[in-house]
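Undergrad: My questions all concern the structure below.
The values are calculated or read from the model by the stated rules, or taken from the named source; none is laboratory data. All values reported here derive from a predicted model rather than from experimental measurement. Counting neighbours? That spans all protein chains shown, and the Cβs are built from the backbone with ideal geometry, glycine included.
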């Protein structure tokens, strides 16, 4: 994974040549540099499997524990573990002390982003209440998983990402049901719009947080702590991390294949509906990300933390959104389809935004130099 370069690199040196974006991209490994190609290939493979072997998707879907898809869970855990093993947990204290970052993240994630998705859902889908409700639920499910890999690819602040994701997980358990009630019943009623009745399972939300954040976070923390004690930080980062690092992308690609195999039939059989759902999602991801980057710049955050702020704001917990929609409205519902389309649009768009972030690096104050190794 790429990481913030040291002080000698053009991206970290304010006096470097104006062509510093190219060196940043050139420092990416072959696996990272051609990530869009691998993503598209994984999407195509998943769709192909779902189309030519429909029983494959059904078999995958039947393997679940407590409502959690086991194949998807495995992919996400493999994806998140290497990233969380890279976090320097001893340095997270400085993030907790950054009130500007914490408060800004909370405001964007739990006030502005859900409200923006609510507005987009009503603007783009006023005549399709099921899809509209599904989109609103996607907007409420703040990201606690894939955001870590996008942040790492874009050279964001790993420690800040770990802290913000942990905070999002706590707020998710506390606020998801409250905000669902507000955006589906209270606010539409105030505006004279159609309301939707829905009950959300706190147990399902808690399980999602424990599985998709608790397990890899614990594993990553123990790996880092034990590894540093036995090998020392320098040896751990130069020998252990390069070996486990690529597994993050392997897990990501596996997850994408499984997702598209599971939902490929719905996507291919309802292209018009998918397109209608995709339009507001595309606007949401791009605008939320870019606005958050600009907010970080205006608040004088460095590139690394502005990038982390942007990805934690733009990403969504698709597994939770899908699980809640299926449990509440049924697997064949429009709400569930909207939840499914969410990650199918989010993955390629946020991959593109990784490159946008790397390009935008030139407009930010250089991050504090680090000697942390990359994989």
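Undergrad: Of the residues 261, 331, which single one is at pLDDT below 85, outside any helix (DSSP H, G or I) and over 19 Å from the mean Cα position of the chain (by Cα)? Write out each step before concluding.
TA: Working: 261 fails: outside any helix (DSSP H, G or I).
From the options 261, 331, the qualifying one is 331.
Undergrad: Next up: Do the conditions hold for residue 299, that is, is it over 29 Å from residue 111 (Cα atoms) and touching a helix residue (DSSP H, G or I) at 6+ places or on another chain (Cβ under 8 Å)?
TA: Working: over 29 Å from residue 111 (Cα atoms): no; touching a helix residue (DSSP H, G or I) at 6+ places or on another chain (Cβ under 8 Å): yes.
The answer is no for residue 299.
Undergrad: Still on this structure, please answer the following. Looking only at the range 264-313, filter to residues that are closer than 25 Å to residue 71 by Cβ and under 15 Å from the mean Cα position of the chain (by Cα); which one of those is surrounded by the most Cβ atoms within 10 Å (Cβ to Cβ)?
TA: Across the range 264-313, the extreme among qualifying residues is 311.
Undergrad: Among the numbered conditions (1) under 30 Å from residue 54 (Cα atoms); (2) at pLDDT 90 or above, tell me where residue 230 comes up short.
TA: Condition not satisfied by residue 230: (1).
Undergrad: Quick one: in the range 85-134, which of the residues that are in a loop (DSSP other than H, G, I, E, B) and under 30 Å from residue 237 (Cα atoms) is farthest from the chain's Cα centre (by Cα)?
TA: Pass one, the range 85-134, residues in a loop (DSSP other than H, G, I, E, B): 87-88, 97-98, 125-128.
Retained after the next criterion (residues that are under 30 Å from residue 237 (Cα atoms)): 87-88, 97-98.
Values: 87: 17, 88: 20, 97: 24, 98: 22 Å.
So, considering only residues that are in a loop (DSSP other than H, G, I, E, B) and under 30 Å from residue 237 (Cα atoms), the one farthest from the chain's Cα centre (by Cα) is 97.
Undergrad: Another question, then. Can you go through 84, 101, 96, 25 and tell me which one is within 24 Å of residue 302 (Cα to Cα) and either in contact with a strand residue (DSSP E or B) (Cβ under 6 Å, 6 or more places away or on another chain) or at pLDDT below 70 (or both)?
TA: 25
Undergrad: Can you tell me which residue among 224, 230, 300, 239 is in a helix (DSSP H, G or I) and either in contact with a strand residue (DSSP E or B) (Cβ under 9 Å, 6 or more places away or on another chain) or touching a residue at least 40 places away in the same chain (Cβ under 8 Å) (or both)? I'd like the intermediate steps shown before the answer.
TA: On the way: 230 fails: either in contact with a strand residue (DSSP E or B) (Cβ under 9 Å, 6 or more places away or on another chain) or touching a residue at least 40 places away in the same chain (Cβ under 8 Å) (or both); 300 fails: in a helix (DSSP H, G or I); 239 fails: either in contact with a strand residue (DSSP E or B) (Cβ under 9 Å, 6 or more places away or on another chain) or touching a residue at least 40 places away in the same chain (Cβ under 8 Å) (or both).
Of the residues listed, the single one that is in a helix (DSSP H, G or I) and either in contact with a strand residue (DSSP E or B) (Cβ under 9 Å, 6 or more places away or on another chain) or touching a residue at least 40 places away in the same chain (Cβ under 8 Å) (or both) is 224.
Undergrad: Another question, then. Does residue 196 meet the test of being part of a helix (DSSP H, G or I) and in contact with a helix residue (DSSP H, G or I) (Cβ under 9 Å, 6 or more places away or on another chain)?
TA: Working: part of a helix (DSSP H, G or I): no; in contact with a helix residue (DSSP H, G or I) (Cβ under 9 Å, 6 or more places away or on another chain): yes.
Against the criterion (part of a helix (DSSP H, G or I) and in contact with a helix residue (DSSP H, G or I) (Cβ under 9 Å, 6 or more places away or on another chain)), residue 196 does not qualify.
Undergrad: Against the definition (over 19 Å from the mean Cα position of the chain (by Cα), surrounded by 16 or more Cβ atoms within 10 Å (Cβ to Cβ) and either under 21 Å from residue 314 (Cβ atoms) or at pLDDT 90 or above (or both)), how does residue 180 come out, yes or no?
TA: Details: over 19 Å from the mean Cα position of the chain (by Cα): yes; surrounded by 16 or more Cβ atoms within 10 Å (Cβ to Cβ): yes; either under 21 Å from residue 314 (Cβ atoms) or at pLDDT 90 or above (or both): yes.
So residue 180 fits the description; yes.
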